[in-house]
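Trainee: Take a look at the following structure, please.
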Amino acid sequence: MNISVPAKDIKIELKNVHKRFGKKIVLHDLSLTIPKGKSLVVIGGSGSGKSVMLKSILGIIRPEKGSIKVDGKDVTKLSTSEREKTLRKFGMLFQNAALFDSLPVWENVAFGLIQGRNMKRKDAKEIALEKLGQVGLTTEIGDLYPAELSGGMQKRVGLARAIATDPEIIFFDEPTTGLDPIMADVINDLIVNSVQKLGATALSITHDMASARKIADYIAMIYKGEIIWAGTRDEVDNSGNEYVDQFIHGRADGPIKMDVLKP
Ligand SMILES: Nc1ncnc2c1ncn2[C@@H]1O[C@H](COP(=O)(O)OP(=O)(O)OP(=O)(O)O)[C@@H](O)[C@H]1O
Ligand SMILES: [Mg+2]
């Protein structure tokens, strides 16, 4: 089950990717096509391998088997310098925001501009403050440190950092989790804009179906480290797949079993 687009429209392609930690198989023969300039949302339960999949594409985690191609190049086989070059195409919002505690907010956002693109600090700060504005944070926030912000504000700083360099590819790991519903929708709009205005390729992971419906061109479902269904946003309601149905309706009963003790 995969998304079918002509080869020229493929930005990222995972084929038969396997990853295990000790005895635990986390990615099990995972294959997924991510179309260029579109927004793909991956849904799936906790622990199903979503974050590990993202980190594998970024080369932070190395799979034992399979290929991961970005613009036709297998990132699992790159040298360190080639990998750094490829990484510059990406903006990433980590699930836990992962900000640098010792740097003020603006410098967190400007990090990729100063370090990756050798931009002057003054120019980078200007862009950082503009990106903070786009995620609803004021200029004064720029001079605070991450520890001085609420969880939702930290998340938004993480988002501003992810889009700071206007990257070709943006990964969002749980972009709306922990945000109030209004701010979540502001972030949804920002993701849609990044794809439509900048032509970026977006890969988002979320449990939030309202967000998925708003930001996705395509939706894929991961279950036990495997993509078990993929299609367009509109197809998700008639997937004919009982795992997808259970997930999108949030039902406790169905083929997906949670490892919890029943009272
Ligand atoms: N570095 C690691 N070392 C060992 N096990 C890991 C590591 N990273 C992830 N895992 C394991 O891999 C499995 C999948 O983790 P992953 O973080 O991808 O889940 P997820 O689908 O993102 O879940 P969630 O929705 O809760 O964020 C989990 O069982 C986790 O414990
Ligand atoms: Mg995760």
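Trainee: Summing +1 for each Lys or Arg and -1 for each Asp or Glu, what net charge is found among the other residues whose Cβ lies under 9 Å from the Cβ of Val5?
Mentor: Within the 9 Å Cβ shell, the charges total +2.
Trainee: Summarise the long-distance tail of P(r) for the chain by giving the % of C-alpha pairs beyond 35 Å.
Mentor: 15 percent
Trainee: Can you show me the helix-derived [θ] at 222 nm for the chain, built from DSSP H runs with n ≥ 4 at -39,500 (n - 2.57) apiece and divided by the number of residues, rounded to the nearest 500.
Mentor: -9500 deg cm²/dmol
Trainee: Let me ask you something else. Per residue, what accessible area does region 88-241 have, given a 1.4 Å probe and all protein chains present, in Å²?
Mentor: Ligands and nucleic acids excluded, the result is 44 Å² per residue.
Trainee: Also, I was wondering about something else. Would you work out which of Ile25, Ile43, Gln134 lies farthest towards the positive end of the dipole of the chain, given +1 charges on the beta-carbon of Lys and Arg and -1 on that of Asp and Glu, about the Cα centre?
Mentor: So the residue we want is Ile25.
Trainee: Taking all protein chains together and a probe of 1.4 Å, list Ser239, Ser79 from the most accessible to the least accessible.
Mentor: From most accessible down to least: Ser79, Ser239.
Trainee: Next question. Mind listing the phi-derived Karplus ³J(HN,Hα) values for region 3-11, rounded to whole Hz, using 6.51, -1.76 and 1.60 with θ = phi - 60°, and x for any glycine or proline?
Mentor: Values per residue, Gly and Pro as x: 8, 9, 9, x, 3, 5, 9, 8, 9 Hz.
Trainee: Taking θ as phi - 60°, what are the ³J(HN,Hα) couplings along region 215-222 by the Karplus curve (6.51, -1.76, 1.60), each to the nearest whole Hz, with x for Gly and Pro?
Mentor: Ordered by residue, 3J(HN,Hα) equals 9, 8, 8, 10, 10, 10, 10, 9 Hz.
Trainee: Right, another one. Once you charge only the Cβ atoms, +1 for Lys and Arg and -1 for Asp and Glu, what is the size of the charge dipole of the chain about its Cα centre, to the nearest 20 debye?
Mentor: Dipole magnitude for the chain comes out near 1020 debye.
Trainee: Name the long-range amide H neighbours of Gly91: under 5 Å, sequence gap of 5 or more, or other chain; modelled H, no Pro or chain starts.
Mentor: Ile169, Ile170, Phe171
Trainee: Let me ask another. How long are the three semi-axes of the equivalent ellipsoid of region 166-263, in whole Å, if each is the root of 5 times an eigenvalue of the C-alpha gyration tensor, listed from largest down?
Mentor: Largest first, region 166-263 gives 26, 16, 12 Å.
Trainee: Of all the accessible heavy-atom surface of the chain, with the other protein chains kept in place and a 1.4 Å probe, what percent is carbon and sulfur?
Mentor: 51 percent
Trainee: Here is a follow-up. In whole Å and largest first, what semi-axes does the C-alpha gyration tensor of region 65-164 yield when each eigenvalue is scaled by 5 and square-rooted?
Mentor: 28, 15, 11
Trainee: Right, another one. Taking the Cα centre of region 70-162 as origin, work out the dipole magnitude from +1 charges on Lys and Arg Cβ and -1 charges on Asp and Glu Cβ, in debye rounded to 20.
Mentor: 360 debye
Trainee: Let me ask another. Which value results for Rg/Rh of region 59-106 when Rg is the Cα radius of gyration and Rh the Kirkwood radius based on the inverse mean 1/r?
Mentor: For region 59-106, the value is 1.06.
Trainee: Still on this structure, please answer the following. Using Cα pairs under 8 angstrom and six or more residues apart, how large is the relative contact order of the chain, in percent?
Mentor: Value for the chain: 25 percent.
The values are calculated or read from the model by the stated rules, or taken from the named source; none is laboratory data. Predicted, not measured: the structure shown is a model, and the values here were computed from it. We place every Cβ from the backbone using ideal geometry, glycine too, and count neighbours over all the protein chains shown. These accessible areas exclude ligands, DNA and RNA; they are computed on the full protein's heavy atoms, side chains included. Shrake-Rupley method; radii C 1.70, N 1.55, O 1.52, S 1.80 Å.
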